[in-house]
There are 2 protein chains.
Amino acid sequence: MPFAALETPQLLLDVTKLDANTARMKAHVERLGSRLRPHLKTTKSVDLARHVLGDLSHPITVSTLKEADYFAGHGARDILYAVGIAENKMDHVVALRRKDVDLTIILDNLASAAMVVARAAAAETMVPVLIEIDSDGHRSGVEPQSGALVAIGRLLEDGAYTLLRGVMTHAGASYDCRTTACIEKLAAQERSLTLGSAEMLREAGMACPVVSIGSTPTALFSKNLDGVTEVRAGVFMSRDLVMAGLGVCAPEDIALSVLATVIGHQPAKGWVITDAGWMAMSRDRGTSGHGIDQGYGLVADEYGRLLGDVVVNGANQEHGILTAHEGKPLDISGFPIGMRLRILPNHACATAAQYGEYLVVDSGSEILTRWERINGW
Amino acid sequence: MPFAALETPQLLLDVTKLDANTARMKAHVERLGSRLRPHLKTTKSVDLARHVLGDLSHPITVSTLKEADYFAGHGARDILYAVGIAENKMDHVVALRRKDVDLTIILDNLASAAMVVARAAAAETMVPVLIEIDSDGHRSGVEPQSGALVAIGRLLEDGAYTLLRGVMTHAGASYDCRTTACIEKLAAQERSLTLGSAEMLREAGMACPVVSIGSTPTALFSKNLDGVTEVRAGVFMSRDLVMAGLGVCAPEDIALSVLATVIGHQPAKGWVITDAGWMAMSRDRGTSGHGIDQGYGLVADEYGRLLGDVVVNGANQEHGILTAHEGKPLDISGFPIGMRLRILPNHACATAAQYGEYLVVDSGSEILTRWERINGW
């Protein structure tokens, strides 16, 4: 189907770029002797997962139990739910475990560990757990190599129906880096603190077979993955302007974009109005603190060729306002009413979440196929 | 169903507050002699619309043709699609018109008017149009009382299958006000510039029966609606922290919230971690420029009682980080693991768009019923 037959906005996914991005990450992680457990929270699509992974027997990571249900329903059997567990989700966890899904959960505190021990025992269902380590201070996780870590491990080991599988961390602070040297340092720190935590549990007599780390920036800039049994990353498949701003990729590598149409102008101000507002792009302003603030997105032509100094400078619910960077006026004669544009997103996870499907494209202006995706909880 | 039986996050809607908010707006607009054409882009729910409007024969406003389809499928017949039309949506517009839906579209430029004249004639289907007026410089619209306005009107009048129905504007600049005096001034300006534009068209011999204005702030602070045939507003039903920051309502009036659960702590930093991150709240940071920056949301207990100085200071995809305002530490002993909280959103339109349903509640901790909602295009 040609773009001209589509109502806009639509979410496009360039399959050639997707394949190149995925191959690059896979080769890097495997060269360093580890393996990927891709985080499917960015893409949330069985069709896309099958394309990238071959089939869903591959280990995967999810951010919601709805994703776990969805991927398990299509064949996934080795799933890590990588958000600290709440008691209200334990019935759901048990139900998935009883369907022969090898679902692993995470937690970072004694109260949650005691809750899981009690709920797993009450359900007489074995529940494997990773302890979340705080490797960079950005969010969750127990202090690495701490007494609290060992106490949580001991509680899980002593539970009749809990299985301490190992440790995990997410180096989310890498998103705050402004240099690749900073990302490289965080990657080394992520590995060493998580490995040190696994060693501490092992020295205390616990097996701790899994050492799971990851974030797209640290995964791509890691130089050593010795002892790391798996690497989790998600946004690497599509990439986005935040990744480009961190030097992880070029804007030309971004596989995800929003197809929009010019619906108006403000000639006196040099503004071009489109039908892709913040509902189409998300409210994510992840590049606002970067060297180049890309507004709500960087603008390309309908074939995906970057137009240079053109961004979505402002956004209402269903309106985007295009200007040059920093709100400078555009020559609107280059943007006639009805012109189609592709807009690259700041944050792939947030933009994709506004849509129920991907229109799969390459460098042309035709739809090759549609891939469904899910949202919500 | 009690909250304790729910997996979190969930979207809650306090029906008592919804009813009070709606009654307040309706009474105000009717007292000034106009009528509401509520904008259903915030709530996107037939169940909610029926509750608030009685039935769907009431005039409504929508932000997407998907909303138009959805509400028309449940009985709506008088629908304004309030985003400048693109040619790729004209087949859809014609299809709705042919189903006896009185769908009105808008535009603000000669090229779009010529396109609509041609497409309506080719389809031999009458298409009613409002001309969008730029009453405050914030986004779209033709210059009020300008030659361009009259030229667009003439083109539509001359079209065999276009019906110039009138003029409309949206005073979105009211969201940038920091005082109620500013909102009052914008409300008066919104009315006078739109009314003046209607008069100009009438003086040029065009009927222009409709004068449509609106935004929740200007609608509530309007003092005179003489000559205004309809007022569009949407967020007034639920309200949100942006409206509270503008002085349009109190935080206690906000009907929409997200039910979340405490999943962890960072004791040394005074952080409380919940399972409601930016996916649950949206990335909207609409209060960031306000006198009180509410982060990603203001925190109440599970009954909706505000906890005071507690906000979602940081958010990852499925994690919220609670602190006091400005990131100051909390006494985490007040937030045990497993505690349920209600989090009030910055921007109701953006937060609700992350969910497929509302759980309808009042001041208790039970679900009264579920109301579906739609998303996407």
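What follows is calculated from the coordinates using simple rules that are stated; it is not laboratory data. Source: prediction; values computed, not measured. Heads up, the Cβs are rebuilt from the backbone with ideal geometry, glycines too, and the neighbour counts pull from every protein chain shown.
Can you give the % of DSSP beta bridges in region B:37-232 that are antiparallel, to the nearest 5?
The antiparallel proportion sits near 0 percent.
In chain A, which residue puts its Cβ closest to the axis that turns chain A onto chain B, and how many whole Å away is it?
Nearest Cβ to the rotation axis, residue and whole-Å distance: A:ARG283, 2.
Excluding B:ASP134 itself, calculate the net charge of residues whose Cβ lies under 9 Å from the Cβ of B:ASP134, where each Lys or Arg counts +1 and each Asp or Glu counts -1.
Summing Lys and Arg as +1 and Asp and Glu as -1 gives -3.
What are the distances, in nm and sorted shortest first, from the label point of B:THR16 to the label points of the same position in each other copy, with each label point placed 7 Å from Cα along the Cα-to-Cβ direction?
6.1
Of A:PHE236, B:PHE335, how do they rank once you tally other Cβ atoms within 10 Å and put the fewest first?
Least to most surrounded, the residues fall as B:PHE335, A:PHE236.
Can you give the average number of partner chain beta-carbon atoms within 10 Å of each beta-carbon in peptide A:138-148, as a whole number?
Per residue, the number of nearby Cβ atoms from other chains is 3 on average.
Once phi is turned into ³J(HN,Hα) by the Karplus curve 6.51 cos²θ - 1.76 cosθ + 1.60 with θ = phi - 60°, what whole-Hz value does each residue of region A:144-150 show in order, with x for glycine and proline?
In residue order, the calculated couplings are x, 6, 10, x, 4, 4, 5 Hz.
So what does the Cα-only Debye profile of the protein assembly as shown read at q = 0.08, 0.09, 0.10 Å⁻¹, as log10 I(q)/I(0), no solvent term?
Here the Debye-derived log intensity ratios amount to -0.65, -0.82, -1.00.
Can you pull out the trypsin sites (Lys or Arg not before Pro) in region A:71-131 whose DSSP state is coil and whose Cβ has at most 14 other Cβ atoms within 10 Å?
A:LYS99
How big is the charge dipole of region A:37-232 about its Cα centre, in debye rounded to the nearest 20, if each Lys and Arg gets +1 on its Cβ and each Asp and Glu gets -1 on its Cβ?
380
What is the set of long-range amide H partners of A:HIS39 at a cut-off below 5 Å, with H atoms built 1.01 Å from backbone N?
Amide H neighbours of A:HIS39: A:THR61, A:ALA233, A:GLY234.
Tell me, Kirkwood radius of region A:236-377 from alpha-carbon pair distances, in Å?
One decimal place: 15.0 Å for the Kirkwood radius.
Can you tell me how region B:1-90 classifies by the Cα gyration tensor, rounded, prolate or oblate, using a/c under 1.5 as the rounded cut?
Oblate.
Distances from B:GLU30 to the same residue in each other copy, label points 7 Å out along Cα→Cβ, in nm, shortest first?
B:GLU30 label point versus its equivalents elsewhere: 6.9 nm.
I'd like the antiparallel share, as a percent to the nearest 5, of DSSP beta bridges with both residues in the protein assembly as shown.
Within the protein assembly as shown, antiparallel bridges account for around 50 percent of the total.
Kirkwood hydrodynamic radius, computed over distinct alpha-carbon pairs, for chain A: how many Å, to one decimal?
21.7
Within region B:74-101, whose backbone N sits under 19 Å from a point 7 Å along Cα→Cβ of B:MET126?
B:77-81, B:93-101
On a full-extension model of 0.36 nm per residue, what is the gain between B:ASP19 and B:ARG31, subtracting their alpha-carbon distance, rounded to one decimal in nm?
2.5 nm
So how far apart, in nm, are the two label points at B:GLN145 and B:ALA118 if each is 7 Å from Cα heading toward Cβ?
3.4
Please give the average number of partner chain Cβ atoms lying within 10 Å of the Cβ of each residue in B:265-274, rounded to a whole number.
The per-residue average across the peptide is 3.
Please sort B:150-157, B:324-331 by packing, taking for each peptide the average over its residues of neighbouring beta carbons within 10 angstrom, highest first.
Ranked from most to least packed, the peptides come out as B:150-157, B:324-331.
With axes computed from alpha carbons, what is the tilt in degrees of helix B:180-203 against the longest principal axis of chain B, rounded to the nearest 10 within 0 to 90?
20
Counting DSSP beta bridges with both partners in chain A, what percentage is antiparallel, nearest 5?
50
Among A:ASP14, B:ASP240, which comes first, second and so on when ranked by fewest other beta-carbon atoms within 10 Å?
Exposure proxy ranking, most exposed first: A:ASP14, B:ASP240.
How much length would be gained if the chain were fully extended between B:MET1 and B:ASN224, taking 0.36 nm per residue of separation minus their Cα-Cα distance, in nm to one decimal?
75.7 nm
What percent do you get for the relative contact order of region A:37-232 when only Cα pairs under 8 Å and 6+ apart count?
16
For helix B:15-31, what angle does its Cα long axis make with the longest principal axis of chain B, in degrees from 0 to 90 and rounded to 10?
Tilt of helix B:15-31: around 30 degrees.
Suppose every K and R has +1 on its Cβ and every D and E has -1 on its Cβ; what is the size of the dipole of the protein assembly as shown about the Cα centre, in Debye to the nearest 20?
Charge dipole, the protein assembly as shown, about its Cα centre: 100 debye, nearest 20.
Could you pull the copy-to-copy label distances for A:GLY205, with points set 7 Å along Cα to Cβ, in nm to one decimal and sorted shortest first?
9.9
Counting pairs of alpha carbon atoms under 8 Å apart in space and at least six apart in sequence, what relative contact order in percent does chain B give?
The value is 20 percent.
Excluding A:LEU298 itself, calculate the net charge of residues whose Cβ lies under 14 Å from the Cβ of A:LEU298, where each Lys or Arg counts +1 and each Asp or Glu counts -1.
Around A:LEU298, the surrounding residues sum to -4.
Could you tell me which residue out of B:VAL210, B:SER140, B:ALA173 lies farthest along the dipole of region B:37-232 toward its positive end? Charges go on the beta carbon: Lys and Arg +1, Asp and Glu -1, centred on the Cα centre.
Checking the options against the dipole of region B:37-232, the answer is B:ALA173.
Partner chain Cβ atoms within 10 Å, averaged over the residues of A:331-339 - can you pull that number for me?
2
Just to confirm a number: summing +1 for Lys and Arg and -1 for Asp and Glu over residues other than A:THR261 whose beta-carbon lies under 13 angstrom from that of A:THR261, what do you get?
With Lys, Arg at +1 and Asp, Glu at -1, the net is -3.
Nearest 500 deg cm²/dmol is fine: what mean residue ellipticity at 222 nm does chain A get from its DSSP H runs of n ≥ 4 alone, each adding -39,500 (n - 2.57), divided by its residue count?
After summing the helix terms and dividing by residue count, I get -9000 deg cm²/dmol.
I need A:MET90, B:MET168, B:MET206, B:MET1 ordered by Cβ neighbour count within 10 Å, fewest first.
So the ranking, lowest neighbour count to highest, is B:MET1, B:MET206, A:MET90, B:MET168.
Take the alpha-carbon centre of region B:4-71, take the same for region A:295-317, and report the distance between them in whole Å.
33
Quick one: grab the alpha carbon gyration tensor of region A:37-232, order the square roots of its eigenvalues as a ≥ b ≥ c, and give me rounded if a/c is under 1.5, else prolate or oblate depending on whether a/b is larger than b/c.
oblate
Let me check against my output: what whole-number percent is the relative contact order of region A:56-153, with C-alpha pairs under 8 Å and at least 6 apart?
Reported as a whole number, the value is 22 percent.
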